[in-house]
Amino acid sequence: MRALRIHGYGGPEVMRLEEVPAPGAGPAQVLLKVRAASVNPIDWKMRRGMLASIFPLSFPRTLGRDCSGEASGALIAGVADPRTDGTHAEYAVLPQAATAPVPPGLDAATAASLCIAGLSAWIPLAEVAQVQPGMRVLIHGGAGGVGSLAIQIARELGATVFTTSTQADYCQQLGAERVIDYRIENFADAGPFDVVLDTLGGETHVRSLQVLKPGGVLVALSAAPIPPHAVPNGVRVEKPHVQATRERLGRIFDWAVTGRLRPQVTQRFALENAHEAYAAAEAPHGRGKIVLEIS
């Protein structure tokens, strides 16, 4: 089979499309003939070695974290174990518990786009922060793969949604009440908020602490820990464990089929054009999801 592999950490130059033996499924695993796989920020961050302290890689390694594909005549989607080869290949092995059937009404590319990104929006908002009607929620990076789904999920949960982005029209179409252009506006002026979902980290993460209401929660997907003494009294900081389960994926797929969640596949590439897909994923000011269509 063809697989997008790396033999060491580095930039785009370390990625190679290679012919390798197809894998076999072990106990509690499923082998998928991959139809589509999304390109997520975690993919290029792992390739660069930015997450080596969390997910150390052995080489060679096939890239990719989620996909949809066929098994026993059914279309299935899910998330690969980060300790094993990934999904940017013609075949991939996934933990069975981290997959779910793709319902009628979703195509392969759409289903793949909803796995990592959908879970990264759903778990922080619906489970960790437990967003309720009437809450004020700030989502950083609202036009991105996670942010574009998070805006919709928070809105469906009854929140008034604010987001930081340079793409105001797009984010408003997704359901944002107000879009804050971070180049010329200070998001703190729009606060306070009950919940902040931080998809960016860095200085934004630290500044977000100051815009929370008493009892508020800052949920961060990728940020350095804030020392406990620096966290104001009455607020909390959470870093969710984004774990795929059949129930979670099934709920996200159901929301998409019923129209509560509009998938945001904005760019599609063939596997042989994976370098272009990664370049698009690493470029600033991205919009929606990037998907590799494989077979």
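Pull up the range 134-145, narrow it to residues that are aliphatic (A, V, I, L, M) and out of contact with any His (no Cβ under 9 Å at 6 or more places or on another chain), then point me to the one that is most open to solvent (accessible area, probe 1.4 Å).
MET135
Looking at (1) within 25 Å of ARG268 (Cβ to Cβ); (2) more than 21 Å from the chain's Cα centre (by Cα), which is the only condition ALA188 fails?
(1)
If a residue has to be of a type in the set (Lys, Arg) and in contact with a His (Cβ under 9 Å, 6 or more places away or on another chain) to count, how many in the range 197-236 make the cut?
Step one: filter the range 197-236 for residues of a type in the set (Lys, Arg), giving 207, 213, 236.
This time we only want the ones that are in contact with a His (Cβ under 9 Å, 6 or more places away or on another chain), so: none.
Selection size over the range 197-236: 0.
Would you please list the contacts, defined by Cβ atoms under 8 Å and residues six or more apart or on different chains, that run from a residue in the range 203-232 that is touching a residue at least 40 places away in the same chain (Cβ under 8 Å) and on the phi < 0 side of the Ramachandran plot to a residue that is open to solvent by 60 Å² or more (accessible area, probe 1.4 Å) and part of a helix (DSSP H, G or I)?
Final answer for the pair search is SER222/PRO41.
Which residues, counting only those in the range 270-292, are within 18 Å of the chain's Cα centre (by Cα) and among the charged types (D, E, K, R)?
Correct list: GLU282, ARG287, LYS289.
Any residue that is out of contact with any Asp or Glu (no Cβ under 9 Å at 6 or more places or on another chain) and farther than 16 Å from SER295 by Cα - is there at least one of those in the range 59-68?
Taking every residue of the range 59-68 in turn, at least one turns out to be out of contact with any Asp or Glu (no Cβ under 9 Å at 6 or more places or on another chain) and farther than 16 Å from SER295 by Cα.
Name the residue, out of GLY215, GLY259, GLY234, that is small (Gly, Ala, Ser), over 19 Å from the mean Cα position of the chain (by Cα) and under 21 Å from ALA100 (Cα atoms). Please lay out each step first, then the result.
Numbers: GLY215 fails: under 21 Å from ALA100 (Cα atoms); GLY234 fails: under 21 Å from ALA100 (Cα atoms).
Testing whether each residue is small (Gly, Ala, Ser), over 19 Å from the mean Cα position of the chain (by Cα) and under 21 Å from ALA100 (Cα atoms) leaves just GLY259.
So ALA274 ticks every box in (1) closer than 14 Å to ALA111 by Cβ; (2) out of contact with any Ser or Thr (no Cβ under 6 Å at 6 or more places or on another chain) but one. Which box is left unticked?
Of the numbered conditions (1) closer than 14 Å to ALA111 by Cβ; (2) out of contact with any Ser or Thr (no Cβ under 6 Å at 6 or more places or on another chain), the odd one out for ALA274 is (1).
Taking the range 245-287, which residues are over 18 Å from GLY64 (Cβ atoms) and assigned to a loop (DSSP other than H, G, I, E, B)?
THR245, THR258, GLY259, ARG260, LEU261, ARG262, PRO263, GLN264, ALA283, PRO284, HIS285, ARG287
Report yes if some residue within the range 227-238 is within 29 Å of PHE187 (Cα to Cα), modelled with pLDDT of 95 or more, surrounded by fewer than 19 Cβ atoms within 10 Å (Cβ to Cβ) and among the basic types (Lys, Arg); otherwise report no. Steps first, please.
Narrowing the range 227-238 to residues within 29 Å of PHE187 (Cα to Cα): 227-238.
Checking the rest, the ones that are also modelled with pLDDT of 95 or more come to none.
Checked the range 227-238: no residue is within 29 Å of PHE187 (Cα to Cα), modelled with pLDDT of 95 or more, surrounded by fewer than 19 Cβ atoms within 10 Å (Cβ to Cβ) and among the basic types (Lys, Arg).
Which residues, taken from the range 192-226, are open to solvent by 60 Å² or more (accessible area, probe 1.4 Å) and of a type in the set (Ser, Thr, Tyr)?
none
Look through the range 159-185, keep the residues that are more than 20 Å from the chain's Cα centre (by Cα) and either modelled with pLDDT under 95 or open to solvent by less than 30 Å² (accessible area, probe 1.4 Å) (or both), and return whichever of them is farthest from THR266 (Cα to Cα).
So the residue we want is ALA159.
Taking interchain pairs and intrachain pairs at least six residues apart, which have beta carbon atoms under 6 angstrom, with the first residue in the range 166-177 and in contact (Cβ under 8 Å) with a residue 40 or more places away in the chain and the second open to solvent by less than 20 Å² (accessible area, probe 1.4 Å)?
Every condition considered, the pairs that remain are GLN167/ALA143; TYR170/ALA143; LEU174/SER148; LEU174/ILE151; LEU174/GLN152.
Scan the range 63-79 for residues that are assigned to a strand (DSSP E or B), surrounded by fewer than 24 Cβ atoms within 10 Å (Cβ to Cβ) and either among the small types (Gly, Ala, Ser) or modelled with pLDDT under 95 (or both) and jot them down.
Listed by number, the residues that qualify are ALA71, ALA74.
What's the total number of residues in the range 105-133 that are buried (at least 24 other Cβ atoms within 10 Å of the Cβ) and among the small types (Gly, Ala, Ser)?
Selection size over the range 105-133: 8.
I'm trying to understand the selection: among the residues of the range 255-281, which are open to solvent by 40 Å² or more (accessible area, probe 1.4 Å), over 22 Å from ARG16 (Cβ atoms) and either aliphatic (A, V, I, L, M) or in contact with a Pro (Cβ under 7 Å, 6 or more places away or on another chain) (or both)?
Matches in the range 255-281: VAL257 only.
The values are calculated or read from the model by the stated rules, or taken from the named source; none is laboratory data. As the structure is a prediction and not an experimental result, all values here were calculated from the model. Glycine also receives a Cβ, built like all others from the backbone with ideal geometry; neighbour counts cover every protein chain displayed. Accessible surface areas use protein heavy atoms only, side chains included; no ligands, DNA or RNA. Shrake-Rupley method; radii C 1.70, N 1.55, O 1.52, S 1.80 Å.
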